[in-house]
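Worksheet for the structure shown next.
The values are calculated or read from the model by the stated rules, or taken from the named source; none is laboratory data. Everything numeric here is computed off the predicted structure, so don't read it as measured data. Cβ placement follows ideal geometry from the backbone for every residue including glycine, while neighbour counts extend to all protein chains displayed.
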Amino acid sequence: MGILNITPDSFSDGGDFFSPEKALNHARQMIAEGAAIIDVGGESTRPGAASISIDEELARVIPVIERIRSELDTPISIDTSKPEVMYAAVAAGSSMINDVRALQVEGALEAAAALQVPVCLMHMQGEPRTMQHGPKYRNVALEVKAFLQQRVDCCVAAGVSRELLVIDPGFGFGKGLADNQLLLQGLDGLLDLNLPLLVGVSRKSMIAHMLDLPVDERLYGSLSLASIAVWQGASIIRAHDVAATLQAIRVSYMCKIAGK
C-alpha cells in the first residue's frame, strides 16, 4: 500500500504532493514500483496534528481520487475517519476505507455498512493531538487485540460483511517505543482474529527512538520493521518507499514459506 498524503503537515512528506498533478505523478511512480493499493489521505494524523473541516478534506482528496481513477486501475484507499468523506471518496472512485479511528466517529459505521467496501480498522489510544502524551498499557498486545475484536464485532452487527474487514494494530498511535516493540513481537497473536493484517511502520518515530535518525534517514529501519511484520503474518504493508519495501518484504515472505 503506497502512501499518498495530500497534506501540508504530514510528519514525513507534508506538502510534497499537495497539488493534484504532483499527487497523480507520485501515484504513477508508486504503481510503477509495485504498489497494489494507493492510500490517499487529506488530513494529517501525526502526533499533535490539528483537525481540519470536512470541506477542506474533501477539497484535498476528491480531485486526486478522480484523477487517479480516470487514468489508473490500481485500487484506491481513502484514509479518513469522516463519514462524509467516505461517501464522497467511494463515489469518486475509492474502493477501500482506511480509518485510524476504527469507524468510531458518529455515522462512520453506518457509512461503511452502506458502502460495503473493504475497511481497515486501526487501534489508537487517544486522539492524534494528544495520543503521545504518556500512553499506558498493562499488556499492549492483548489490549490492542481486544479492541480490534470489539470493533470487528460492532462492524458485523452493523451489517458490514466480515469478509471486507482488515485490522491494523496502529504502530505509533498512542504507543511508546516499548509498546511498539512489544506489539511487533506479539503481532502474530492478531492472526487469531482470522482477518488480513495491515501494518504501517514506514519512517515512524520508533525508528528515531532506536537509531536517533531524522525522518529522511529512516529507510533502512523501515525496511527492517516491514520485513519483521511480514514474517509475523502481515498481509499488507503501508509504506512511503514502495520499490525498496517491496523487495524487502518479498525476501522475507519467500524465506518464511520456503519448504512449506
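Each row is one residue, and each column tells you yes or no for (1) of a type in the set (Gly, Ala, Ser); (2) surrounded by 15 or more Cβ atoms within 10 Å (Cβ to Cβ); (3) modelled with pLDDT of 95 or more; (4) over 24 Å from residue 223 (Cβ atoms).
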{"position": "5", "(1), (2), (3), (4)": "no, yes, no, no"}
{"position": "33", "(1), (2), (3), (4)": "no, yes, yes, no"}
{"position": "74", "(1), (2), (3), (4)": "no, yes, yes, no"}
{"position": "79", "(1), (2), (3), (4)": "no, yes, yes, no"}
{"position": "84", "(1), (2), (3), (4)": "no, yes, yes, yes"}
{"position": "93", "(1), (2), (3), (4)": "yes, yes, yes, yes"}
{"position": "100", "(1), (2), (3), (4)": "no, yes, yes, no"}
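Looking across region 160-196, the residues that are more than 18 Å from residue 224 (Cβ to Cβ) and either assigned to a strand (DSSP E or B) or of a type in the set (Gly, Ala, Ser) (or both) come down to 161, 165, 166, 167, 168, 170, 174, 176, 189.
Please verify whether region 176-189 includes one or more residues that are at pLDDT 95 or above and closer than 22 Å to residue 77 by Cα. Scanning region 176-189 turns up no residue that is at pLDDT 95 or above and closer than 22 Å to residue 77 by Cα.
Candidates in region 185-223 are the residues that are among the small types (Gly, Ala, Ser) and within 17 Å of residue 2 (Cα to Cα); of these, the one that is surrounded by the most Cβ atoms within 10 Å (Cβ to Cβ) is 200.
Exactly one residue out of 140, 166 is crowded, with 19+ Cβ neighbours inside 10 Å, among the hydrophobic types (A, V, I, L, M, F, W, C) and touching a Cys at 6+ places or on another chain (Cβ under 8 Å), and it is 166.
Among the residues of this structure, residue 238 counts as one that is within 14 Å of the chain's Cα centre (by Cα) and under 24 Å from residue 77 (Cβ atoms).
Is it the case that some residue within region 56-63 is in contact (Cβ under 8 Å) with a residue 24 or more places away in the chain, farther than 22 Å from residue 6 by Cα and either assigned to a loop (DSSP other than H, G, I, E, B) or within 19 Å of the chain's Cα centre (by Cα) (or both)? Walk me through it before giving the result.
Initially, region 56-63 is screened for residues in contact (Cβ under 8 Å) with a residue 24 or more places away in the chain, giving 57-58, 60-63.
Narrowing further to those that are farther than 22 Å from residue 6 by Cα: none.
Scanning region 56-63, I find no residue that is in contact (Cβ under 8 Å) with a residue 24 or more places away in the chain, farther than 22 Å from residue 6 by Cα and either assigned to a loop (DSSP other than H, G, I, E, B) or within 19 Å of the chain's Cα centre (by Cα) (or both), so the answer is no.
Scanning region 94-152 for residues that are closer than 23 Å to residue 188 by Cα, part of a loop (DSSP other than H, G, I, E, B) and over 18 Å from the mean Cα position of the chain (by Cα) yields 135, 136, 137, 138, 139.
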